[in-house]
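The values are calculated or read from the model by the stated rules, or taken from the named source; none is laboratory data. Model, not experiment: these values are computed from the prediction. Neighbour counts are summed over all protein chains in view; Cβ atoms, including those assigned to glycine, are modelled from backbone coordinates with ideal geometry. With ligands, DNA and RNA removed, areas are computed over all heavy atoms of the protein, side chains included. Shrake-Rupley method; radii C 1.70, N 1.55, O 1.52, S 1.80 Å.
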Amino acid sequence: MALSDLNPVERNEEGIAAVLGILKQQFGERFQTGEAIRSQHAHTTTYIPTQAPDGVVFAETTPEVQEIVRACAAHRVPVIAFGVGSSLEGHTNAPGGGISIDTSRMNRILSVNPQDLDCTVEPGVTREDLNRHLRDTGLFFPIDPGANASLGGMAATRASGTNAVRYGTMRENVLSLTAVMADGEVLTTGKRAKKSSAGYDLTRLLVGSEGTLGIITSLTLRLQGIPQAISGGVCPFPTLEAACNTVIATIQMGIPVARIELVNALQMRAMKNYSKLDYPESPCLFVEFHGSDAGVAEQAETFGMIAEEQGGGPFLWTSVAEERTKLWKARHDAYWSSLTLRPGAKGLSTDVCVPISRLAECVTETEADIAEMGLIAPIVGHAGDGNFHVLVLMDVDNPQEIALAEKFVARLNMRAIAMEGTCTGEHGIGQGKVGFLRHELGHGVDVMRTIKQALDPLNIMNPGKILPRAG
Ligand SMILES: Cc1cc2nc3c(=O)[nH]c(=O)nc-3n(C[C@H](O)[C@H](O)[C@H](O)COP(=O)(O)OP(=O)(O)OC[C@H]3O[C@@H](n4cnc5c(N)ncnc54)[C@H](O)[C@@H]3O)c2cc1C
């Protein structure tokens, strides 16, 4: 049985037909029902089967989103927000059909406030668009998932990336949001103040809600000053355990590392070939430091010494921007390089996160499991947060391979939960991880369901995601 069948959503044919008619009339060419565009809006990047919506609307303003949501609410039709579709757990699938709201035309940068280190953007602005816009201000937005995701999608999945160890995730970097709720009303969750004790934290309720509570139509984000100096490099290790122990020691010593990324030997082989890197085919850490010239040199030296104590090195580091850019481009392309390890295969990308003290144990047990199960599955990780990814390469036309990959992922999730970690550090629950939420949070799932029922009593907002079916 496919994962998406575990949480089915009934189709409301009559309601869908009514909404298709309304939206055609209201949005004309901006409402599309062709098969290719519908499938593209539900494509899952991984092997989870596509479940296309019945139509896609290219909304341009908050009042338009309100109109769409009100039409869907009146006819009890699902409504699914769409950024760029790079999420990995079936998030944008439409198991009960419905309407996809594509936010790519809501791509205005509404304000940048350099003195306050913040900006307000529409949800369709991508992280790269924003950083291009900020280039001359001396500021940047640090959250960098491997894909050029939309900021609305990133808030909705509580995304992070290589910089999170220093700058936090979307949870720490969204100051406030505007969202259209299931009844069509507009909610503003806060102002621009850096902190607030004003009542329930609605910003953080919506961050990570995966479009199941409301459609985000603007976001106020924290910005950071571009550091005066940056140093970084790659350090090889004899074993994965030695690399993980170096991460733990670096964090525990309070070295303000900006990025510390783990790559196992198989992933390194893929990156060497794909990105033409000249490093040994062994576990490696990609590391970066931000600060003053003297500060980043000192931090790099100290890190090199810690690595040496664990048998690692040499740690070759540089402050030259082009060399660093090549390394981080290779790291961001890890997903694509992995696919070359088994041409024709698709990847199941899964992520877990554990307390940093359990990282070495969790990663080494996982690598042993991969070997025992005979999988081709490289590992990369935002190791400074205790977060790592496994990309299982498989033939998606072979049910036995899918079953084996799902078994592996289940064991990985349960291992992370048993180590007081989580079944997802940054990708989110979507459809793929619905079955693990109760193992992790127990009664917390019932509280989430109560919130969902209060805010979306008709269950129209991205139904079939996050929450397991009641009963
Ligand atoms: C190669 C690759 C590398 C990746 N690396 C990382 C990584 O390092 N870290 C990481 O965190 N993720 C990573 N991801 C996953 C993905 O990029 C993130 O989950 C990202 O945040 C999704 O953004 P999106 O714009 O693609 O959203 P979509 O996929 O379009 O949507 C994701 C979810 O958000 C909801 N949503 C979208 N827009 C809105 C809105 N305006 N309001 C309410 N809900 C909305 C959707 O309904 C859906 O549930 C990676 C993906 C790929 C393909």
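For the chain, the fraction of 1.4 Å probe accessible surface lying on carbon and sulfur atoms is 52 percent. Give the Debye-formula value of log10 I(q)/I(0) at each listed q (0.15, 0.20 Å⁻¹), with one equal scatterer per alpha carbon of segment 272-333, two decimals each. Each listed q corresponds, in turn, to -0.51, -0.88.
Using equal-weight Cα scatterers in the Debye expression, the normalised intensity of segment 198-332 in log10 at q = 0.09 Å⁻¹ is -0.36.
Summarised as an ellipsoid, segment 11-83 has semi-axes of 20, 14, 12 Å, derived from the eigenvalues of the Cα gyration tensor scaled by 5 and square-rooted, with the largest first. Rounded to the nearest 20, the size of the Cβ-charge dipole of segment 27-175 about its Cα centre is 200 debye, with Lys and Arg at +1 and Asp and Glu at -1. The distance linking segment 163-242 with segment 296-335 is 27 Å (Cα centroid to Cα centroid, whole angstrom). Each principal axis of the Cα cloud of the chain was evaluated for its coordinate range; sorted largest first, these ranges are 67, 56, 41 Å.
For the chain, a simple Cβ point-charge model (Lys and Arg +1, Asp and Glu -1, everything else neutral) yields a dipole of about 720 debye relative to the Cα centre. When the surface is traced with a 1.4 Å probe over the full set of protein chains, R449 keeps roughly 50 Å² accessible. Each label point was placed 7 Å from the Cα along the Cα-to-Cβ direction; for S292 and A17 their separation is 7.3 nm. Of the two radii for segment 310-469, the radius of gyration is 1.03 times the Kirkwood radius, both from the alpha carbons; that is the Rg over Rh value. By the compact-protein rule of thumb, 2.2 N^0.38 Å, the alpha-carbon radius of gyration of segment 234-296 corresponds to a ratio of 1.20.
Entry note, the chain: relative contact order of 16 percent, from Cα contacts under 8 Å with a spacing of 6+ residues.
For the pair V320 and A470 in one chain, pulling the backbone fully straight at 0.36 nm per residue adds 48.5 nm over the alpha carbon distance. Measure nothing fancy, just the Cα-based angle from helix 265-275's long axis to the longest principal axis of the chain, in degrees from 0 to 90, nearest 10. Compared with the principal axis, the helix lies near 80 degrees. Residue order by solvent-accessible surface for T45, T61 is T61, T45, largest first, with ligands and nucleic acids left out and a 1.4 Å probe.
Across segment 38-137, Cα-Cα distances exceeding 22 Å account for 40% of all pairs. Kirkwood hydrodynamic radius of segment 177-222, from the reciprocal of the average inverse Cα-Cα distance over all distinct pairs: 11.0 Å. Counted over segment 305-386 with a bin width of 5 Å, the fraction of Cα pairs per bin, in whole percents, is 3, 11, 15, 19, 23, 17, 10, 3, 0.
A cut-off of 5 Å between modelled amide H atoms, ignoring neighbours fewer than 5 places along the same chain, links D144 with G161, T162, N163. A 1.4 Å probe run over the protein chains yields, for the chain, 41 Å² of accessible area per residue, whole-number rounding.
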